[in-house]
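The values are calculated or read from the model by the stated rules, or taken from the named source; none is laboratory data. In this text the structure is predicted, and so the values were computed from the model without any measurement. Quick reminder, even Gly has a Cβ in these numbers, built from the backbone with ideal geometry, and neighbours come from all protein chains shown.
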Amino acid sequence: MNWARTTAFALSVVLTAGSFPAVAAATEVPAVCASGPASFPKPESAVVVEPGVSLSAKTSEHPPGTTFWLGGGRHTLADDPYSQVIPKDGNVYLGAPGAVLDGRGINRTAFTQHAKDVVIRGLTIRGFAAPQDQGVVNHDSGEHWVIEGNVIEDNRGAAMMAGPRQEVLGNCLRNNGQYAINAYRAGGGITGLVVEGNEIAGNNTDDWEKKSPGCGCSGGAKFWAVDGADIRGNWVHHNHGVGLWADTNNNDFIVEDNLIEDNDAEGLFYEISYNLIIRSNVFRRNALKLGRDFAARGNNFPIGAVYLSESGGEPRIWARTDMIEIAENEFVDNWGGLTLWENADRFCNSPSNTSTGTCTRVVASPSDCAPESIAVSPAYDDCRWKTQRVNVHDNVFRSAPDCTGFCGRMAVLSNYGTYPSWSPYRGNVVSEAVTFAQDNEWFSNTYVGHWSFVAHDASRSLDVAAWQAAPYGQDPCSTFDGAGGCPAR
């Protein structure tokens with residue numbers, strides 16, 4: 001959990017997704033929840049499982065690679081919290097029209113254990129009671145599960161966990177107690193994750209940040225130590241918290257062609273992670289609740305639609321980019337724009353590091369960041385997660401018409417380092433670095449409406465002229481309400 005947080009597209013049509021009347025660009029995002037589970041053909045070789053027949057027993061009786069066809073109607077498991085379906089390698093589970101697997105608030109999980117290459121398609125999966133941080137589908141983060149065309153809704157915990165090479169395609173993932181997706185595997189090792197064409201809506205119904213303040217355990221989707229993820233073409237909306245949250249040593253993410261709107265907190269939060277491309281997305285009306293809550297308390301921390309916290313480009317870690325590039329997106333009526341933040345007191349081996357026991361990906365162990373070594377190179381540089389090498393260009397930023405005060409802000413900043421006493425990052429060391437020395441650049445953007453800028457620390461507020469002038473020199477060739485830009489060549 002982050003320290004600072006705790007102290008136009010095509011013609012649109014109106015769609016109804018569950019309880020959310022929403023506006024979605026018709027050609028850009030999938031209204032999966034409005035249409036229900038996808039239809040898939042029944043293979044001739046499939047084992048038919050009708051309601052009332054034990055899917056767990058049928059799975060146990062048949063060999064790996066069996067395809068099961070769940071007939072229309074309500075399927076249930078035994079009256080035992082730990083009753084579950086344990087797939088074998090290569091098993092396929094297909095739902096006939098109207099097939100529902102219902103946990104009835106009794107069963108904790110639906111599909112579990114460590115089989116590979118499992119496929120789950122065309123089902124409605126609801127009513128399971130997974131505990132905190134656990135998932136209903138792929139509970140144990142098995143490898144290369146394909147979860148496609150399902151409606152997974154109204155469960156406790158997460159709708160699903162994610163494992164290596166998992167494909168999450170065209171699902172409705174809504175109204176789950178904690179997350180739609182919890183991409184976590186003990187020991188790490190999640191690579192090649194694909195999340196495409198899903199509707200991720202209304203999750204965190206149990207309001208985990210209120211239950212456990214500062215837990216960092218809520219939102220639409222959460223990613224932990226994932227190395228390689230393509231998140232494209234999703235509609236992420238009305239989640240009670242962050243829309244998409246990558247937390248702790250993630251790397252090599254591409255987030256593109258998504259509509260991310262109406263989430264209570266940031267649309268995208270990328271925390272102590274590396275190497276990211278954010279392009280061709282629409283961010284709309286995000287963080288209005290969070291921003292207003294901060295403003296009502298007089299907290300001047302800049303809340304944005306996108307929040308980069310101790311995250312940046314790192315050429316030493318292989319990825320499809322060695323930067324964070326934020327380009328060709330449209331930001332409309334969000335509380336704020338982008339916040340680039342670096343906590344001066346958060347680094348490997350610091351007592352202030354809320355990711356306890358975690359080090360940067362360029363340090364072998366906390367012992368490399370001991371008081372006697374951290375003040376000199378290479379530990380001085382390598383023990384910090386740095387907000388660095390961020391390029392923000394060719395985006396459109398439109399503030400809300402009634403935006404005044406703490407809304408409508410861009411920011412690149414840190415806090416005054418104070419702790420621990422042996423930290424070499426005390427004082428303004430990190431504020432100076434993140435603002436002036438770590439290649440964080442805005443240029444060639446379009447601004448419409450009220451915008452102001454925060455640089456160096458939360459108390460330093462700038463107007464457009466100061467933001468563009470020395471020593472900041474940001475947003476060359478950008479336009480502000482049609483003024484500015486660079487001469488045509």
inquiry  = It is to be established whether one or more residues within the range 335-342 are more than 18 Å from the chain's Cα centre (by Cα) and closer than 28 Å to residue 419 by Cα.
reply    = yes
inquiry  = Looking at 276, 288, 244, can you tell me which residue is within 20 Å of residue 178 (Cβ to Cβ) and modelled with pLDDT of 95 or more?
reply    = 244
ask   = Of the residues 332, 396, 392, which is surrounded by fewer than 19 Cβ atoms within 10 Å (Cβ to Cβ), over 19 Å from residue 247 (Cα atoms) and β-branched (Val, Ile, Thr)?
value = 396
query = So which pairs qualify, if the first residue must be in the range 211-225 and exposed (fewer than 14 other Cβ atoms within 10 Å of the Cβ), the second must be assigned to a loop (DSSP other than H, G, I, E, B) and not hydrophobic (A, V, I, L, M, F, W, C), the Cβ gap must be under 7 Å, and the two must be at least 6 apart or on different chains?
reply = none
Set 70, 94: member being more than 28 Å from the chain's Cα centre (by Cα), within 21 Å of residue 198 (Cα to Cα) and surrounded by 19 or more Cβ atoms within 10 Å (Cβ to Cβ) = 94
ask   = Taking into account only those residues within the range 249-300 that are of a type in the set (S, T, N, Q) and touching a Gly at 6+ places or on another chain (Cβ under 7 Å), which is surrounded by the fewest Cβ atoms within 10 Å (Cβ to Cβ)?
value = 275
note = Output for Cβ contacts, cut-off 9 Å, separation at least six or different chains, first residue under 13 Å from residue 286 (Cβ atoms) and at pLDDT below 95 in the range 229-240, second of a type in the set (A, V, I, L, M, F, W, C) and surrounded by 23 or more Cβ atoms within 10 Å (Cβ to Cβ), reads none
inquiry  = Cβ contacts < 9 Å: first residue under 15 Å from residue 480 (Cα atoms), restricted to the range 403-414; second residue β-branched (Val, Ile, Thr), any location; separation 6+ or different chain. Result?
reply    = 409/303; 409/339; 409/454; 410/339; 410/392; 410/454
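Considering only residues that are basic (Lys, Arg) and over 23 Å from residue 83 (Cβ atoms), look in the range 131-180 and name the one that is surrounded by the most Cβ atoms within 10 Å (Cβ to Cβ). Give the derivation first.
The initial filter retains those residues of the range 131-180 that are basic (Lys, Arg), namely 156, 165, 174.
From what's left, over 23 Å from residue 83 (Cβ atoms): 165, 174.
Values: 165: 17, 174: 28.
Across the range 131-180, the extreme among qualifying residues is 174.
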ask   = Any residue at all in the range 187-194 that is among the polar types (S, T, N, Q) and in a loop (DSSP other than H, G, I, E, B)?
value = no
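Quick check on the range 416-435. Is at least one of its residues among the basic types (Lys, Arg), under 25 Å from residue 329 (Cα atoms) and surrounded by 15 or more Cβ atoms within 10 Å (Cβ to Cβ)?
The first filter runs over the range 416-435 and keeps only residues among the basic types (Lys, Arg), leaving 426.
Those still in the list that are under 25 Å from residue 329 (Cα atoms) too: none.
No: the range 416-435 contains no residue that is among the basic types (Lys, Arg), under 25 Å from residue 329 (Cα atoms) and surrounded by 15 or more Cβ atoms within 10 Å (Cβ to Cβ).
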inquiry  = Quick check on my filter: what residues within the range 346-365 are at pLDDT below 90 and surrounded by 15 or more Cβ atoms within 10 Å (Cβ to Cβ)?
reply    = 352, 353, 354, 355, 358
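Every residue, every condition in (1) farther than 20 Å from residue 136 by Cα; (2) under 13 Å from the mean Cα position of the chain (by Cα); (3) among the β-branched types (Val, Ile, Thr), yes or no:
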position: 195; (1), (2), (3): no, yes, yes
position: 198; (1), (2), (3): no, no, no
position: 206; (1), (2), (3): no, no, no
position: 219; (1), (2), (3): no, yes, no
position: 230; (1), (2), (3): yes, yes, no
position: 239; (1), (2), (3): no, yes, no
position: 248; (1), (2), (3): yes, yes, yes
position: 253; (1), (2), (3): yes, yes, no
position: 266; (1), (2), (3): yes, yes, no
ask   = Which of (1) buried (at least 24 other Cβ atoms within 10 Å of the Cβ); (2) touching a Pro at 6+ places or on another chain (Cβ under 9 Å); (3) over 26 Å from residue 359 (Cβ atoms); (4) not basic (Lys, Arg) does residue 190 not meet, given it meets every other one?
value = (3)
request  = Consider only pairs whose beta carbons are under 9 Å apart and that are at least six residues apart or on different chains; among these, list those whose first residue lies in the range 167-183 and is over 12 Å from residue 221 (Cβ atoms) and whose second residue is among the hydroxyl-bearing types (Ser, Thr, Tyr) and in a strand (DSSP E or B).
outcome  = 172/124
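Let me confirm something: among 381, 368, 394, which residue is modelled with pLDDT under 95 and among the charged types (D, E, K, R)?
Selected residue: 368, the only one of 381, 368, 394 that is modelled with pLDDT under 95 and among the charged types (D, E, K, R).
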